[in-house]
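Okay, structure first, notes after.
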């Protein structure tokens, strides 16, 4: 049985979510703060959950700080951020700090469950390997994308990417030279269609460019096709 943790100081909400996820077949644990989660995972070294739900607004160490610390310590841990409705800044910052997905409050429990299942599916694919094509290291000039080790190297130097950002770059790499819309990228990586005003793809692309581009303001590897989407250039130096 897979385990989901949730860090939120709203006991009523965690109780409701816990009951819903328990009925869906998950083991559930609630933590009242980011500090409590960090203590459990980094100090007492409790076994990590299969996925973590983090509220942005919490006393002490907030969700954004918690996400940042956990991402460095547990890079493969699926993290879903809960953000205030109508506040895209928290969503963008959360994604930049390494969150895999976000959901605005208030939310429908069914949507939360769907998001969690999508995170777990991607984690399972990463753990058990993909098809033969996906296991082949892809090289574009000095850029190497290796799905076996889930690493990206530029001139043999390791590029720091989150698990989700690796998946996004790998998706573009498998279709190098082909322009993909934001909806196509989201569907391939996250398993759902792009929501209206969803800027998560743009934020992640920006972070990937910081890792693999020589000049972020003049990208040569991941190109923007205005009004359409993105393409990974086949010919690279």
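No lab work stands behind these numbers, since they all come straight from the coordinates. A quick note: this is a predicted structure, and the numbers were derived from the prediction, not measured. Reconstructed Cβ throughout: ideal geometry from the backbone, glycine too, with neighbour counts over all protein chains shown.
Using a Förster distance of 25 Å, how high is the FRET efficiency between residue 236 and residue 188, based on the Cβ-Cβ distance and rounded to 0.05? Spell out each step's value before the answer.
Numbers: r = 21 Å, r/R0 = 0.85.
E between residue 236 and residue 188, to the nearest 0.05, is 0.70.
With each label point set 7 Å from Cα along the Cα-Cβ vector, what nm distance links residue 220 and residue 136?
So the two model labels end up 2.5 nm from each other.
Compute the distance in nm between two label points, each set 7 Å from the Cα along the Cα-to-Cβ direction, one at residue 156 and one at residue 124.
Roughly 4.0 nm, to one decimal.
Have a look at the DSSP beta bridges in the chain and tell me what percent are antiparallel, nearest 5. All intermediate terms of the calculation are to be shown ahead of the outcome.
On the way: 16 of 34 bridges.
Roughly 45 percent of the beta bridges in the chain run antiparallel, per DSSP.
Mind pulling the angle between the C-alpha long axis of helix 11-23 and the longest principal axis of the chain? Nearest 10 degrees, somewhere in 0 to 90.
Taking the Cα atoms of the chain, the angle to 11-23 is about 70 degrees.
Going by average Cβ density within 10 Å per residue, which order do the peptides 160-168, 115-123, 147-155 take, highest to lowest?
On the way: 160-168: 21.0, 115-123: 18.9, 147-155: 15.2.
Per-residue mean Cβ counts within 10 Å order the peptides as 160-168, 115-123, 147-155.
What value, in deg cm²/dmol to 500, does the helix sum -39500 (n - 2.57) over DSSP H runs of n ≥ 4 give at 222 nm once divided by the residues of the chain?
Working: 8 runs with 92 residues, N = 237.
Taking each H run of at least 4 residues, the total per residue is -12000 deg cm²/dmol.
Remind me, relative contact order of the stretch 37-84 in percent, using alpha carbon pairs under 8 angstrom and six or more residues apart?
Values: 46 pairs, mean separation 21.2, N = 48.
Reported as a whole number, the value is 44 percent.
Is the shape of the stretch 1-59 rounded, prolate or oblate, going by the alpha carbon gyration tensor and its root eigenvalues a ≥ b ≥ c, with a/c under 1.5 for rounded and a/b larger than b/c for prolate?
Numbers: a/c = 2.52, a/b = 1.17, b/c = 2.16.
Cα axes put the stretch 1-59 in the oblate bin.
Suppose the chain between residue 117 and residue 11 were pulled fully straight at 0.36 nm per residue; how much longer would it get relative to their current alpha carbon spacing? Could you put the intermediate results ahead of the total?
Working: separation 106, 0.36 × 106 = 38.16 nm, distance 2.31 nm.
Residue separation times 0.36 nm, minus the Cα-Cα distance, leaves 35.9 nm.
Relative contact order for the chain: what percent, with Cα pairs under 8 Å and sequence separation of 6 or more? Intermediate results must be reported in sequence, preceding the final value.
Values: 369 pairs, mean separation 31.5, N = 237.
RCO, the chain: 13 percent.
When a/c reaches 1.5 or more, the comparison of a/b and b/c decides; with that in mind, is the stretch 3-128 rounded, prolate or oblate per its Cα gyration tensor?
Working: a/c = 1.13, a/b = 1.01, b/c = 1.12.
Because its axes are fairly even, with a/c under 1.5, the stretch 3-128 counts as rounded.
What's the center-to-center distance, using Cα atoms, between the stretch 24-55 and the stretch 76-106 in Å?
Rounded to whole Å, the Cα centres lie 17 Å apart.
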